[in-house]
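The values are calculated or read from the model by the stated rules, or taken from the named source; none is laboratory data. Bear in mind the structure is a predicted one, so any value in this text is a computation, not a measurement. We place every Cβ from the backbone using ideal geometry, glycine too, and count neighbours over all the protein chains shown. Remember, those area values only see protein heavy atoms, side chains included, never the ligands or the DNA or RNA. Shrake-Rupley method; radii C 1.70, N 1.55, O 1.52, S 1.80 Å.
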Amino acid sequence: MNFESISVVGLEKNTGKTETLNYIIKKLNKKIGITSIGIDGESIDQVTTTPKPEIKIKEGTIFATAEKFYKQKKLTAEILSVEDSLRTSLGRIVIAKALDNGKVILAGPQSTVKIKELIKKIKSFGTEIVLIDGALSRLSPASPVITDAMILATGAALTININELVKKTKHIVNLIQLKECENSEKLFNLEDGIYSISENIEKLPIKSLLTFKSLEKHILEYGKKIYITGALTESFLKHLTKQKKLKDVEIIVKDFTKIFVSPETFNLYIKKGGTIKVLKKTKLVAITINPYSPRGYMLDSDEMKRRLKEVIDIPILNVREDELCLK
């Protein structure tokens, strides 16, 4: 696993993200740094009130968490830095080195800019790889602008209907694997807005897709290639699918975390000939599965893996049973 940073993202709470993190920490023979966007590592899930795995870190690990949770750590540590510029609602970010094995609650900054700054700071203490804890509701750490790669955790907590689970997981994978657009460098530094891209780049007179219906003419009359700096919405894509054909229609977004559309609308748009591309693509390393639901249900692990492997061509494993090749 030759990446400098990896995000571990759960498609839903209790899909096995923390177990995946613990597995990676245990298996990696490298100097690890770790933090979170938001809060993770509580022993009791705050939503379902069910027990959840704590994050177990090894001696020598560099970890970053808010002051409140640093004081609650279950290990001995040496403080390396206290970041005044990286304040959270739970206090300043403390960067420390674990002096023995133990457990921590992680809480990091929630903005893209600040998490990038924190990763850089963690790397300055000699880490070879930085792990970022994430969740689908806060997918920004999976953005390729922040981390080199990601691992996706899915499972019965998402849905106990295996057909739905496969459909929802496949949809996210489809978004992650969207192709990069050509000549993306000329779009990176454009200010926020909606743009028509041809030989020239024309900024449309709306700030976001929330007001696309206020345009004087149909948006495709401005051009068939559209770049959106913000979110690609369900209502906008549905509007486009009302066209008979969408051949040559291309929507460009910064990365997959900016896409908020249902599998049905996405698939209809693609079926009609439309394409969606990204400025920068995320490297999806693996998918981990958790067959257990916090409500007491259990799916068949082998069946989950088989069904997912039929439609997804990347490693899929249950970290309690299988081995992921980590270097």
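Observations on the structure shown:
- Chymotrypsin sites (Phe, Trp or Tyr not before Pro) lying in DSSP loop within region 187-263, provided at most 16 other Cβ fall within 10 Å: F188
- Residues whose amide H falls under 5 Å from that of A66, counting only those 5 or more places apart or on a different chain, are V94, A107, with hydrogens built in the peptide plane.
- Distance from region 179-200 to region 272-327 (C-alpha centre basis), Å: 31
- Length released on extending from T76 to S198, taking residue separation times 0.36 nm less the Cα-Cα span: 38.1 nm
- Estimated vicinal HN-Hα couplings, Hz - region 217-232 in sequence order (Karplus 6.51, -1.76, 1.60; Gly, Pro = x): 9, 4, 4, 6, 6, 7, x, 8, 10, 10, 10, 10, 6, x, 7, 8
- Label reach from E323 (point 7 Å along Cα→C-beta): in region 12-26, amide nitrogens under 17 Å belong to 23-26.
- Helix 162-176 axis, angle to the chain major axis (alpha carbon atoms, nearest 10°): 80
- Within the listed set T275, T18, T211, the Gaussian network model of the chain (springs between alpha-carbon atoms below 10 Å) gives the highest mean-square fluctuation for T211.
- Simple spin-label estimate for K238 and Q177 gives 2.8 nm between the two label positions (7 Å along the Cα-to-Cβ direction from each Cα).
- The calculated FRET efficiency for the pair E117 and D300, based on their C-beta separation and a Förster distance of 56 Å, comes to about 0.80.
- Helical runs (DSSP H, four residues minimum) scored at -39500 (n - 2.57) apiece and divided by the length of the chain put the mean residue ellipticity at 222 nm at -6500 deg cm²/dmol.
- √(5λ) per eigenvalue of the Cα gyration tensor, the chain, largest first, Å: 36, 24, 17
- Farthest toward positive dipole pole in the chain [+1 Lys/Arg, -1 Asp/Glu at C-beta], among G33, G296, V94: G296
- On a per residue basis, region 221-327 carries 53 Å² of accessible surface, using protein heavy atoms and a 1.4 Å probe.
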